[in-house]
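What follows is a single structure, written as structure tokens, with notes after it.
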Amino acid sequence: MAKVFERTNGLVDIPTHYCPGCTHGIIHRLVGEVLEELDVLGETIGVAPVGCSVFAYNYFNCDMHEAAHGRAPAVATGIKRVHPDKVVFTYQGDGDLASIGAAEIIHAAARGEKITTIFVNNAIYGMTGGQMAPTTLVGQKATTSPFGRDVSHAGMPIKVSEMLATLDGAKFVERVSVHNAKEVRKAKKAIKKAFELQLSGEGFGIVEVLSTCPTNWGVTPVEALSWLEENMIPYYPLGNIFSPKEAK
Amino acid sequence: MTKVLMKGNEAIGAAAIKAGCNYFFGYPITPQNELPEYMARELPGVGGVFLQAESEVAAINMVYGAAGAGARVMTSSSSPGIALKQEGISYIAGAELPCVIVNIVRGGPGLGGIQPAQSDYYQSTRGGGNGDYRHLVYAPATIQETVDLVMEAFDVAEQYRNPVMVIGDGMIGQMMEPVEFKEPKKRPIAPKTWATDGTKGKRKPNIINSLFIDPQELEDHVLRLEKKYDEIKKNETRYENYNVSDADVVVVAYGTTSRIVKNAIAKCEEEGMKVGLIRPITLWPFPDNAFEEITDKTKGVLTVEMSTGQMIDDVKIAVNGKKPVHFYGRTGGMVPTPDAIVEEIKKIARGEK
Ligand SMILES: Cc1ncc(C[n+]2csc(CCOP(=O)(O)OP(=O)(O)O)c2C)c(N)n1
Ligand code: SF4
């Protein structure tokens, strides 16, 4: 019988620690598949963040480097400058990338650092128990915005992809989602494109992936998928925001 | 070898490049700017990379990445900048990576000033980053010694897989002296089989990490680090002793302060007094052994620092109550004069202190 689906060699064969229904696992799998298909696992160095995906260094089947909260783009810069011929990527949550590490990601993009960033936006801090993130939606409740995010108090959520796309060093910026099979396929395409652009030496690439956190959103995994679709996508529209084609 | 006249900051850069340092990540702050500027000019010519980071926080994390990737790498800053680098230094120590960090100290707290000071003694020897970690701290007193120690620092860092800090006050960074570049002694350095440079499909993935969620695993890790720190203490502690066993008064001073103290001691000797000097060259590990030479003849120990008194804590631990320990210091960028130090020495000799 023909095999139609198998484990990707891009991930190590061990169980992950993610909550049931969390889409971090899907995103890991997509990155793993892409690295395997591009046949670069032996040439890749990944940088894991602080957040629920802190253990990403145990899951990807390539060399991995753990970074302090928000600093992954700086760590990746150090690695890439030493090994310009290697594939270097960061995997970061929205608290990690858009809050404490805002400067690091902006400047890595501005320098046109030839790395790929997988930016997992679940509109909340997962690991520390559901506090407000810079990406938490207006009115969304979190443990540190118990009455819902109030714009007059906490400002508007940051649209990271749009912001980074204003920087000339950012050569590929796309926002995708993983709330259904069709979007998962599109997400994989974008991730592959971003890595291909790194391989051809274009410059900085980021794929923002809208992701769920059923645990801290306080909903079931299925409800989380619809919550993402109904609430996150209207504020964080999907699609390619910047790619080399459009630059010309 | 011929001697060349060089400014401290530039001599550090030249020494680093001679020692094989190919990567430098930094951020401007006075009084160390000539060092990153030198690296920006010189590194591209030897196939290396200088990168001006967006902040000290980013710079030290670039060092963390480059060190993990297997490179010889350095960063430099001055006091407030080193404060920002402490986060990264803790991670580098935790992940056991080699790198060299230069601190050309200026006065504080806060923005303080830009004049020479030694008020970062606690910051450099006690950490500032979180957790149980240590790193070697070299405190050279001349530009020649700075060059020698910087060259050796890269090997020491790799031998122990640990960050090494070289601290000079603003004086070391800014003055000019003749220097000669000598090969450091050979050290046992294992190949970097742990580096994240791609598995090439030939080995299991390498992971550079400082996270140990299991408390037992973390304790084991920290205790293993502690053993390494004991090795460093045993093998790498350095100091200079001058006339300690014959002294009525023993002065303790490091860096450029020790040079002023030497002038003060010469003046005392002209007047027939016997004054000794203990000059720590490593601030961590602190040279406790140097104090064993102090005899019953000595009336007291005088610690001289360009701070309100920080190293004095280590001096007191080393003296362990056997002699009274006194302090004289200037701070804020003020430099002690030999005459003021002579006065303090005399007070101790006369039993007035
Ligand atoms: C310097 C520092 N500050 C705070 C923390 C605590 N911390 C751990 S994870 C986290 C939030 C992570 O949220 P996010 O990046 O959105 O990832 P998620 O857990 O949602 O996947 C915080 C604040 C830390 N580890 N280090
Ligand atoms: S807390 Fe949220 S983001 Fe973290 S693993 Fe659980 S569901 Fe995923």
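Using bins of 5 Å that start at zero, the share of Cα-Cα pairs per bin across segment B:53-163 amounts to 2, 13, 23, 25, 22, 12, 4, 0, in whole %. Max-minus-min Cα coordinates of segment B:4-236 on each principal axis give 49, 38, 37 Å, with the largest extent listed first. Rounded to the nearest 100, the interface formed by chains A and B buries 2500 square angstrom of accessible surface, both chains summed, with a 1.4 Å probe.
Let me know the shape class of segment B:1-91, please: from the alpha-carbon gyration tensor, a ≥ b ≥ c as square roots of the eigenvalues, rounded when a/c is under 1.5, otherwise prolate if a/b is greater than b/c, or oblate. Provide the component values of the computation, followed by the final result.
On the way: a/c = 2.00, a/b = 1.36, b/c = 1.47.
Oblate, because a/c is 1.5 or more while a/b does not exceed b/c.
Here the accessible area of segment A:1-136 is 58 percent carbon and sulfur, with a 1.4 angstrom probe and all protein chains present. When both bridge partners sit in segment A:24-242, DSSP labels roughly 15% of those beta bridges antiparallel. Sequence-distant contacts, meaning Cα pairs under 8 Å at least 6 residues apart, place the relative contact order of chain B at 17 percent. Per residue of peptide B:16-23, the mean number of Cβ atoms on other chains within 10 Å of the residue Cβ is 1.
Coupling constants for segment B:80-97 follow from the phi torsions by the Karplus curve (6.51 cos²θ - 1.76 cosθ + 1.60, θ = phi - 60°), and in residue order they are x, x, 5, 4, 5, 7, 4, 4, x, 4, 4, 5, 5, 5, x, 8, 6, 10 Hz; glycine and proline get x. Listed by chain and number, the lysines whose alpha-carbon sits under 30 Å from that of B:Lys323, ignoring those within fewer than 8 places in the same chain, are B:Lys233, B:Lys234, B:Lys262, B:Lys267, B:Lys274, B:Lys297, B:Lys299, B:Lys346, B:Lys347, B:Lys353.
Here segment B:240-349 is treated as a Stokes sphere of Kirkwood radius computed over C-alpha pairs; at 37 °C and 0.692 mPa s its diffusion coefficient rounds to 243 µm²/s. A protection proxy built from the mean count of other Cβ atoms within 10 Å ranks the segments B:218-227, A:192-201, most packed first, as A:192-201, B:218-227. Legend: mean number of C-beta atoms from other chains within 10 angstrom of residue C-beta atoms, peptide A:97-105, equals 2. At a probe radius of 1.4 angstrom, the accessible area of segment B:54-151 per residue rounds to 22 square angstrom. Take every DSSP beta bridge whose two residues both sit in chain B; close to 25 percent of them are antiparallel. Rounded to the nearest 5, the antiparallel percentage of DSSP beta bridges internal to the protein assembly as shown is 20%.
Let me make sure I get this right: for the protein assembly as shown, a, b and c are the square roots of the gyration tensor eigenvalues over alpha carbons, sorted descending. Under 1.5 in a/c it's rounded, otherwise prolate if a/b > b/c, else oblate. Which is it? If you can, show how the numbers build up before the last one.
Numbers: a/c = 2.41, a/b = 2.16, b/c = 1.11.
Cα axes put the protein assembly as shown in the prolate bin.
With respect to chain B, whose longest principal axis is taken over its alpha-carbon atoms, helix B:255-270 is tilted by about 20°. Over every Cα atom in segment A:87-152, the radius of gyration and the widest Cα-Cα span, Dmax, amount to 13.6, 43 Å. The C-alpha atoms of segment B:182-251 occupy a region whose extents along the principal axes are 66, 39, 15 Å, arranged from largest to smallest.
Beyond a 29 Å Cα-Cα separation, which of these cross-linked pairs lie in this structure: B:Lys186/B:Lys227; A:Lys114/B:Lys228; B:Lys204/B:Lys228; B:Lys3/B:Lys192; A:Lys189/B:Lys192; A:Lys193/B:Lys202?
Numbers: B:Lys186/B:Lys227 23 Å; A:Lys114/B:Lys228 37 Å; B:Lys204/B:Lys228 26 Å; B:Lys3/B:Lys192 34 Å; A:Lys189/B:Lys192 36 Å; A:Lys193/B:Lys202 27 Å.
Those over the limit are A:Lys114/B:Lys228; B:Lys3/B:Lys192; A:Lys189/B:Lys192.
Over chain A, with a single point scatterer placed on each C-alpha, what log10 of the ratio I(q)/I(0) does the Debye formula yield at q = 0.10, 0.11 1/Å? For chain A at q = 0.10, 0.11 Å⁻¹, log10 I(q)/I(0) is -0.43, -0.52.
The values are calculated or read from the model by the stated rules, or taken from the named source; none is laboratory data. All values derive from a computational prediction rather than experimental measurement. Neighbour counts run over all protein chains shown; Cβ positions are idealised from the backbone, glycine included. Heavy atoms of the whole protein, side chains included, go into the accessibility calculation; ligands, DNA and RNA do not. Shrake-Rupley method; radii C 1.70, N 1.55, O 1.52, S 1.80 Å.
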